[in-house]
Each structure stands twice: as structure tokens, then as C-alpha cells.
Amino acid sequence: MHTIEASEKYLMKTYGRQPLAAASGTGCVCKDEDGKQYIDFGSGIGTNSLGYCNAAWADAVCAQARKIQHTSNYYYTDVQAVFAEKLCELTGYTRMFLGNSGAEANECAIKLARKYSFDRYGEGRGTIITLKNSFHGRTMMTLTATGQDVFHNYFFPFPTGFAYAAANDLDDLKSKLDGTVCAVMIELVQGEGGVCALDYAYVQALAKLCQEQDILLIADEVQTGVGRTGTFLASEQFGIHPNVTTLAKGLGGGLPIGCCLADEKCADVMGPSSHGSTFGGNPVVCAGANAVLDQVTADGFLTEVQEKAAYIREAVSQCSDVAEVTGLGLMIGIRLKTKNAHDILVQAREQGLLVLTAKENVRLLPPLTITKEELDQGLKILMPLLES
Ligand SMILES: *Cc1c(COP(=O)(O)O)cnc(C)c1O
């Protein structure tokens, strides 16, 4: 098949790909070049939050592409303004910076935290604490922020100024507060790390500690945000409002966007020439993101997400090889007793279901708009694979 052969020949081999050439899609269903259909329980990787080619989203994107596709950020566009206002009003944040990916959103958060501290305290307070087993992106800075040794390889020298604390261990975190720390960055549910939610009490205590010491709390909600966990932000379920929240994956409905939200305390840290992005906040992307926000915030939408999450969790937890179902809402980790998650991924694909893995777990991130019928169709393939 030309698609796979040419891709293997001309693209750097940075991904362990499955032999599937995606050609088209609607709803939760993707079709490959041979016309074979797959129920997608992965939404890309949590990106196609409204499924494939959602009608209102596609209309908004196409209309914007025909109106004005891009302009420099030295000018203004209405869709960018509408998007920014909508998202700030919705989340209680004061200002945002727009980039093109999760890594870029986190890169902005890291720069902001260091400058916030520099402006107030001067040099020597630039350390960011992240958690072990975290994932924050693939740029040099966000790779260093990622708290997993396997990522800290080959590309030396890495940037400095990061320390790593064990998740859910407040004493370990306290022991790292040596006066050089400007921020703590966390994923409320560690996604790539295996779909592990942090403890409520730990998050509460951490937020309090940060506030007392004027250390910024950054929530990397690149994967957990935009309704994925059943609330618009996962932080709502932990009873906190971090100083900075980053969003990406599901926000654009499949188009590249990254967003760094800052609260009133740090909203004005990044002034003229401190940061920028050529494509960040692109009008076509913002038009798609506006369609995502409109649907996710519609009456009853998130309640349905919660109901669908409960349904799927209940179903898979019945299966005999399932040790534990982890995560929050429609961010679902399935820890297995004996089976291998990658084998299940391959078998599921062969039978017409796409799932993800995270470490040794099966991971599901179905479209937020998935219907009950699509859920049942997918579960019919998945559940037998989860029996030992
Ligand atoms: C995917 C992810 C990122 C990186 O996002 P990119 O868009 O691939 O740069 C960062 N943080 C978390 C929590 C993620 O899940």
C-alpha cells in the first residue's frame, strides 16, 4: 500500500505505528483506505474530542478558511478574540497565551513562572518541581520537565532547573522546597504515565503550600482538560484553581492549538516581546476551538460525559482480567492482571476497534460525543479481549 510504504520511507521513524491508513471518518468511526471501519476509543490521542468531522466544527473551520485563514499576531482577528473571551469567562482565568501544541503551552507556563519569580525576587528562584512519572512534552524544556528517566537520554545537554518529587507524597515535595523553587507543575491525572489520578487530599495540601510560599501552581491539563474528565477542567474536581492551567489535545477538536491560562496573580507577567508564536491563535484553529467550546458547554453535555464514563467503567470492570479501572471520567486506564496491553491494542484493531495504551495499561479516551450505540459496539469487541 502506497501510503504506508511511502510514510515508512520518507518520514523519520519516531512512532511505533499500526498498519492502518486512515482515510475518512464520521462520529466515532474511522475508515481506512480499504473501507474497513474502526470504532475509535482513542479520539486520535484525545484530540478529536467531538469525534471525526463533527458537522458544526467542520462548517466553522471551512467557513473560516474561506474568510481569512491567517494573519500575523501583530493584528487582531474576531475569532481569536471570541475564543479568548469565551475560555476566560468559562474557566475564571484572566489572560491566555495561544500556541500550537501541549508542549508549547507548557513551555509558556515554565517561562511565565520563572519570569514571575524573577520580577519579584530576582535571580536564583527558577526551579520548577514536577512529579515523578509525569509527562509534559517533547521539546527540550518540556522533556526535561517530564519526570521519567527514560526520557532523559541521548539529547544532552538538557536544560537545568527542574526537580522531581514523588506523586502523592507531600513530605517529598516539602524536602525539595529549598528556596530556589518558583513553581510546581502537575498533571491531575497522569496520562502517559499510566492514567493515574492524584489524591484529592494531596492536591489540596499542595495547593495550600504553594499559595503560602508564593510558588505558582501549574496544572498541565493538556490531556485532562476540555471536558475529558467529566468537568471542563479536572481541577474543578480537586477543588483548586491553579495559577496557571495549560490546555491542548481536545481543545481544537483535531486542529493544533495550545493554550496557557494565567490567573490574576500572574496574568501580566508576559509582556511585549517576552514570548510569541507565528501560528499561535490561528483563526481557522480558533474557529474549530470555538465550536468545541460551544458543544462542550451546552446544557447537559458534561453530565452525559459523566454518565457515559460510568457506563464504560462499570462494563470493563466486570471483565475477569481487569485488575483496576483508573483515571477520571472518559480518561480511562485499564490495569490488567495477566494480559499484555499492546497485544490487546493489536487484537482490537484487527477486529475494528482502536484503543490506546499508557505504560502497561490499556487506555481509552473516546470522543466526548460518543453515542450509546457506538459505545456498545466498541465494548462488544473490547470486553472479550479483557477476559483472562
Ligand atoms: C500530550 C501531552 C503533552 C504534549 O502535547 P503535544 O501537543 O504533543 O506537545 C503535554 N502534557 C500532557 C499531560 C500531555 O498529555
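The values are calculated or read from the model by the stated rules, or taken from the named source; none is laboratory data. None of these values were measured; they are calculated from a predicted model. Neighbour counts are summed over all protein chains in view; Cβ atoms, including those assigned to glycine, are modelled from backbone coordinates with ideal geometry.
Below is a table of values for the structure above.
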{"item": "Among (1) surrounded by fewer than 16 Cβ atoms within 10 Å (Cβ to Cβ); (2) in contact (Cβ under 8 Å) with a residue 40 or more places away in the chain; (3) small (Gly, Ala, Ser), the one test that residue 239 misses", "result": "(2)"}
{"item": "Residue in segment 196-204 that is over 24 Å from residue 149 (Cβ atoms), assigned to a helix (DSSP H, G or I), hydroxyl-bearing (Ser, Thr, Tyr) and at pLDDT 95 or above present", "result": "yes"}
{"item": "Qualifying residue in segment 156-164 (condition: crowded, with 24+ Cβ neighbours inside 10 Å, assigned to a strand (DSSP E or B) and in contact with a Lys or Arg (Cβ under 6 Å, 6 or more places away or on another chain))", "result": "no"}
{"item": "Pairs, first free of Cβ contacts under 8 Å to residues at least 40 places away in the same chain and surrounded by fewer than 21 Cβ atoms within 10 Å (Cβ to Cβ) in segment 171-200, second outside any helix (DSSP H, G or I) and among the polar types (S, T, N, Q), C-beta under 6 Å, six or more apart", "result": "199/168"}
{"item": "The one condition in (1) closer than 13 Å to residue 385 by Cα; (2) touching a Gly at 6+ places or on another chain (Cβ under 8 Å) that residue 309 fails to fulfil", "result": "(1)"}
{"item": "Pair list, Cβ < 6 Å and 6+ apart or interchain, from segment 354-372 residues that are free of Cβ contacts under 8 Å to residues at least 60 places away in the same chain to residues that are surrounded by 23 or more Cβ atoms within 10 Å (Cβ to Cβ)", "result": "357/363; 362/334; 362/355"}
{"item": "Subset of segment 79-128 [in a helix (DSSP H, G or I) and of a type in the set (S, T, N, Q)]", "result": "80, 91, 106, 117"}
{"item": "Pairs, first within 16 Å of the ligand (Cβ to nearest atom) in segment 45-58, second of a type in the set (D, E, K, R), C-beta under 6 Å, six or more apart", "result": "46/249; 47/249"}
{"item": "Residue that is within 16 Å of the ligand (Cβ to nearest atom), of a type in the set (Gly, Ala, Ser) and over 18 Å from the mean Cα position of the chain (by Cα), where the choices are 167, 219, 197, 145", "result": "167"}
{"item": "Residues located in segment 11-44, provided they are within 16 Å of the ligand (Cβ to nearest atom) and surrounded by 16 or more Cβ atoms within 10 Å (Cβ to Cβ)", "result": "42, 43, 44"}
{"item": "Qualifying positions in segment 229-269 - under 17 Å from residue 216 (Cβ atoms), within 16 Å of the ligand (Cβ to nearest atom), in a loop (DSSP other than H, G, I, E, B) and touching a Leu at 6+ places or on another chain (Cβ under 8 Å)", "result": "242"}
{"item": "Test result for residue 89, of a type in the set (D, E, K, R), under 22 Å from residue 224 (Cα atoms) and more than 16 Å from the ligand (Cβ to nearest atom)", "result": "yes"}
{"item": "Qualifying positions in segment 300-357 - surrounded by 20 or more Cβ atoms within 10 Å (Cβ to Cβ) and touching a Phe, Trp or Tyr at 6+ places or on another chain (Cβ under 9 Å)", "result": "312, 332, 348, 353, 354, 355, 356"}
{"item": "Selection count, segment 40-65, where residues are charged (D, E, K, R) and assigned by TED's automatic domain parsing to the domain that holds residue 347", "result": "1"}
{"item": "Looking only at segment 270-317, and only at residues there that are among the small types (Gly, Ala, Ser) and part of a helix (DSSP H, G or I), the one that is farthest from residue 119 (Cα to Cα)", "result": "315"}
{"item": "Evaluation of residue 209 against (1) within 17 Å of the chain's Cα centre (by Cα); (2) surrounded by fewer than 18 Cβ atoms within 10 Å (Cβ to Cβ); (3) away from the ligand (no atom under 16 Å from the Cβ) (one fails), failing number", "result": "(1)"}
{"item": "Any hit, segment 28-36, residues being outside the structural domain of residue 136 (by TED's automatic domain parsing) and either within 18 Å of residue 283 (Cα to Cα) or hydroxyl-bearing (Ser, Thr, Tyr) (or both)", "result": "no"}
{"item": "The lone exception for residue 115 - which of (1) over 24 Å from the mean Cα position of the chain (by Cα); (2) surrounded by fewer than 16 Cβ atoms within 10 Å (Cβ to Cβ) it fails", "result": "(2)"}
